[in-house]
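Heads up, the thing below is written out as structure tokens.
Please treat every number below as a calculation from the coordinates, not as lab data. Note that the structure is predicted; figures quoted are calculated from it, not measured. Positions of Cβ are backbone-derived with ideal geometry, glycine not excepted, and every protein chain shown enters the neighbour counts.
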Amino acid sequence: MSEDGREYNGSGGLPSRQRRRFPGISSRAYEHPADRSALVALRKLSGFDTVFKALSGLLPERSLRLLFLSDSVRVSDQQFTHLNDMLRDACYVLDLEKVPPMYVNQDPQPNAMCIGLDEPIIVVTTGLVELLDEEEMRAVIGHEVGHALSGHAVYRTILLFLTNLAIRVAWIPLGNLAIMAIVTALREWFRKSELSADRAGLLVGQDLRASMRGLMKIAGGNHLHEMNVDAFLKQAEEYEAGGDLRDSVLKILNVLPRTHPFTTVRAAELKKWAESREFQRIMDGHYPRRAEDKDTSVTDSFRESAAHYTTSVKNSKDPLMKLVSDIAGGAGDLGGRVRRGFGGFAGSAPSEDGPRNGSDGSGPDAGDGNGTSGGGPDGPTDTPPRDKS
């Protein structure tokens, strides 16, 4: 039992192996900038608690709780005790005062979720439990506890409800376009919240290789002897930089229906954060505290989010992002860059406008590094991949 009386596992309240603990840590310490700015704004919104209470009667939360209680196995000191120890460890490391209930649900699809309005509940599937080893599972449970600490469970439950409600009334004239805009924006936030929770999982497990292995198994199954973390991360680099503008558009179309980023992208993002000064400062004990959350500036959070997206576009190797960066930087010969980016226009006739502004008419500069690609299938699959935990 810990100094404040909370018991976390059979070893007396301490994690099963020595890890750093983060007393009073604010979720702002690990949240992705885009996720953080949205959450800060929601927390500052006056009367939001009243809205929660009003919506709680409409949401099927009580039904879900009864469903899991009646048709799943609740993790406890008597059932799935190793998962119970990991859950308490995760709450101990992140200093989450109330340990959320966790259930194991029979489902061969590896997945996990954290939902709930009054209090979060965590659900993991048997497919996930059977797939991951102890350290990999610890990172996943830390991921879900991170969702709980951030308040994602609350906002996700409400937003999912509103999204489903909106889809039911999409038959209203012009309603579908407006609804899809809302759904697209919500899914973008969902994807960023997953990156935040991945970071929380790393803070709990404090084993980057285990986090990488877990993501790799979710992508390729339980065949570690056939997989390699470094090769898996190279896939993310190839995914970002490869192809031409057609591939960039297809990437956007593939990711739009998803609530989770692709697993290779998650692995690369987590590795990048693990190597950052921000992560090292947290590990050294320098991080925002929960007691300071009320004083957080919404403007500053949005400014950080905007700066993050600007930097991401500027540093991206994706052909479309490079083009956007060039446009923002005032690069010339936009038409030529677009033609070369799509590859199929390499042999097109020159523009009728001819040279302008004293140009010598030498044509587009060669070898600008905008990722021209030759041939190969460019169509997306008939159905996008299923989202995974």
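Of the listed pairs LYS192/LYS271; LYS271/LYS294; LYS217/LYS271; LYS272/LYS294, which have alpha-carbon separations greater than 20 Å here?
On the way: LYS192/LYS271 15 Å; LYS271/LYS294 30 Å; LYS217/LYS271 16 Å; LYS272/LYS294 29 Å.
Listed pairs above 20 Å: LYS271/LYS294; LYS272/LYS294.
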Calculate the spin-label point distance for MET227 paired with ARG209, positioning each point 7 Å from the Cα along the beta-carbon direction, and give it in nanometres.
-> 1.6 nm
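Efficiency by 1/(1 + (r/R0)^6): what FRET value for THR126 and GLU238, r their Cβ-Cβ distance, R0 = 30 Å, to the nearest 0.05?
0.35
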Order of LYS272, LYS294 under a 10 Å beta carbon neighbour criterion, fewest first = LYS294, LYS272
How large is ³J(HN,Hα) for each residue in the stretch 79-96, as worked out from phi by the Karplus curve 6.51 cos²θ - 1.76 cosθ + 1.60 (θ = phi - 60°), to whole Hz, x for Gly and Pro?
-> 10, 6, 4, 5, 5, 4, 4, 5, 4, 5, 4, 4, 5, 5, 5, 8, 6, 7
The simple spin-label model distance between GLN109 and GLN78, using points 7 Å out along Cα→Cβ, in nm, is 3.2 nm
